[in-house]
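Quick notes on the structure that follows.
Every number here is computed from the coordinates shown, using simple stated rules; none is lab data. In this text, all values refer to a predicted model and were calculated from it rather than measured experimentally. Glycine gets a Cβ as well: all are built from the backbone with ideal geometry, and neighbour counts include every protein chain shown.
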Amino acid sequence: MSDVLCVGHASWDIVMAVAHQPLADEKLLADAMQLCGGGPAANAAVCVARLGGRAAFCGYLGRDLFGEAHLRELLDAGVDISAVQRGCHPTPVSQILAKPDGLRSVVNYKGDTRQLSADAVDPLPKAQVILFDGHEPQLSQAICQQAKNHGSQTVLDAGSLHKGTALLAGQVDYLVASARFASQYCATDDMQQALRQLSGLCSHVVITQGAAGLLWAAGGEQGRLPPFRIEAVDSTGAGDAFHGAFALGLVRAMVWPDLLRYASAAGALTCTRLGARPALPQRAALEQLLTEQPTNTWQYEEHA
C-alpha cells in the first residue's frame with residue numbers, strides 16, 4: 001500500500017529563465033533552460049517520494065518521447081507507476097517562462113488528449129491518503145467515492161476553477177486552494193470572506209497566498225500562517241510541493257499547526273531553484289528549514 005496516491009495531470013515541462021515578460025513581437029534569449037516532467041499530481045508524487053513517503057501516481061502519459069522520458073523520471077524517483085495509463089494521444093507539454101521576481105508564465109498544450117474515464121483504472125493502488133488535482137474529473141470522482149468506502153483520506157489541490165476542482169471541492173476531506181481558486185469560486189478578492197464560504201463546503205480548508213502565507217479554517221477555528229523567509233527564484237511547482245507534503249503529513253498524523261508548517265516549508269524550498277521537478281525538496285533540506293525558522297512563525301488562531 002502507498003502512503004499517498006496522486007491522481008491527475010502529468011506533463012513535460014520546458015522551463016526557461018528570462019529577464020522579463022516578452023513584449024509583442026519580441027525575441028528573448030533565455031538565461032537557463034530545463035527539460036523535465038511536470039504536472040501538479042505527478043510533481044506531488046515525486047515530492048512525497050523525496051520526503052521519504054511511498055508515492056503512487058495515477059494519470060495519463062502518451063507513448064511518445066515526452067511520455068517515455070516522464071515515465072523514466074517517475075521510476076527513478078521511486079514512484080509507483082502501476083496506475084499510469086498510456087495511449088496514442090500526446091503527452092501534455094507546458095512551456096514555462098520564469099522571471100527574476102520568482103513569478104512565471106505558463107502555456108499548456110494538450111492536443112487531442114482526452115480525459116480518462118471513470119473506469120479507466122482497475123484495480124486502483126491502495127493508499128492512506130489520495131490527492132487530486134482535478135484534471136481527471138471523471139476518474140477522480142469515482143476514486144473519491146471509493147476512498148470513502150476504504151477509509152482513505154482525500155485532499156484536493158484546487159489551483160484554479162475548472163470542472164474537476166468545482167466537482168471535487170465539496171467531496172474531499174481537505175480542500176487546499178490557491179487564492180486564485182478562492183477568488184474565482186467565491187467571486188470575491190476578500191480572502192477572509194472566501195475562507196468562510198469555502199468552510200461551508202469542507203471541514204478543513206487552506207487558502208495559499210504565495211508570498212503572503214496562508215489562511216486556514218478547521219474545527220470551528222481559523223487563522224493564518226506567514227510565509228517562510230527565502231530568496232525566490234521561480235515559484236513553479238511550489239503548490240505541487242505544498243500539496244504533496246500536506247498529504248504526507250496527514251499520513252504521518254501531524255497535528256494541524258505542524259502539518260501546515262511542514263507543507264509551507266516544502267513549497268517555500270521549491271521557490272529557491274529554477275523549475276518544478278528539480279526543485280522539489282529533499283527530506284533533510286526541509287527539516288533544516290523547519291529548524292532554522294522555528295514554530296514562533298505561527299501567528300494566531302481565532303474562532304470562525
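Among the candidates ALA30, ALA19, ALA44, single out the residue that is of a type in the set (Gly, Ala, Ser), touching a Gly at 6+ places or on another chain (Cβ under 6 Å) and either part of a helix (DSSP H, G or I) or surrounded by fewer than 20 Cβ atoms within 10 Å (Cβ to Cβ) (or both).
On the way: ALA30 fails: touching a Gly at 6+ places or on another chain (Cβ under 6 Å); ALA19 fails: touching a Gly at 6+ places or on another chain (Cβ under 6 Å).
None of the other options fit; the residue is ALA44.
Are there any pairs, at least 6 apart or on different chains, whose C-beta atoms fall under 7 Å, with the first in the range 56-79 and more than 11 Å from VAL46 (Cα to Cα) and touching a residue at least 24 places away in the same chain (Cβ under 8 Å) and the second among the acidic types (Asp, Glu) and buried (at least 20 other Cβ atoms within 10 Å of the Cβ), and if so, which?
GLY59/GLU136
Name every residue in the range 139-177 that is charged (D, E, K, R) and in contact with a strand residue (DSSP E or B) (Cβ under 7 Å, 6 or more places away or on another chain), in order of residue number. Please lay out each step first, then the result.
Keep residues of the range 139-177 that are charged (D, E, K, R), which gives 148, 157, 163, 173.
Passing the criteria: ASP157, ASP173.
Among the residues in the range 124-138, are any acidic (Asp, Glu), under 20 Å from the mean Cα position of the chain (by Cα) and more than 30 Å from ALA232 (Cα to Cα)? Let's see the steps before the verdict.
First, the residues of the range 124-138 that are acidic (Asp, Glu): 133, 136.
With the extra rule that they be under 20 Å from the mean Cα position of the chain (by Cα), the set shrinks to 133, 136.
Subsequent filtering for residues that are more than 30 Å from ALA232 (Cα to Cα) retains 136.
Checked the range 124-138: at least one residue is acidic (Asp, Glu), under 20 Å from the mean Cα position of the chain (by Cα) and more than 30 Å from ALA232 (Cα to Cα).
Has the range 87-106 got at least one residue that is surrounded by fewer than 22 Cβ atoms within 10 Å (Cβ to Cβ), of a type in the set (Val, Ile, Thr) and under 21 Å from VAL48 (Cβ atoms)?
no
So how many residues does the range 265-286 have that are under 19 Å from ARG180 (Cβ atoms), in a helix (DSSP H, G or I) and touching a Gly at 6+ places or on another chain (Cβ under 8 Å)? Even if it seems obvious, please write down each step before you answer.
Of the range 265-286, the ones under 19 Å from ARG180 (Cβ atoms) are 267-268, 270-271, 276.
Filter once more, keeping what is in a helix (DSSP H, G or I): 267-268, 270.
Adding the requirement that they be touching a Gly at 6+ places or on another chain (Cβ under 8 Å) leaves 267, 270.
Residues meeting the conditions: 2.
Please work out if ALA56 is outside any helix (DSSP H, G or I), within 28 Å of ARG252 (Cβ to Cβ) and under 17 Å from the mean Cα position of the chain (by Cα).
Values: outside any helix (DSSP H, G or I): yes; within 28 Å of ARG252 (Cβ to Cβ): yes; under 17 Å from the mean Cα position of the chain (by Cα): yes.
When the stated conditions are applied, ALA56 passes them.
What number of residues within the range 192-217 satisfy the criterion of being surrounded by fewer than 21 Cβ atoms within 10 Å (Cβ to Cβ) and in contact with a helix residue (DSSP H, G or I) (Cβ under 6 Å, 6 or more places away or on another chain)?
The total comes to 2.
Name the residues in the range 106-158 that are in a strand (DSSP E or B), over 16 Å from VAL4 (Cβ atoms) and in contact (Cβ under 8 Å) with a residue 60 or more places away in the chain, would you?
If we filter the range 106-158 for residues that are in a strand (DSSP E or B), which is where we start, we get 106-109, 127-132, 153-158.
Those still in the list that are over 16 Å from VAL4 (Cβ atoms) too: 106-109, 158.
Across the range 106-158, the qualifying residues are VAL106, ASN108.
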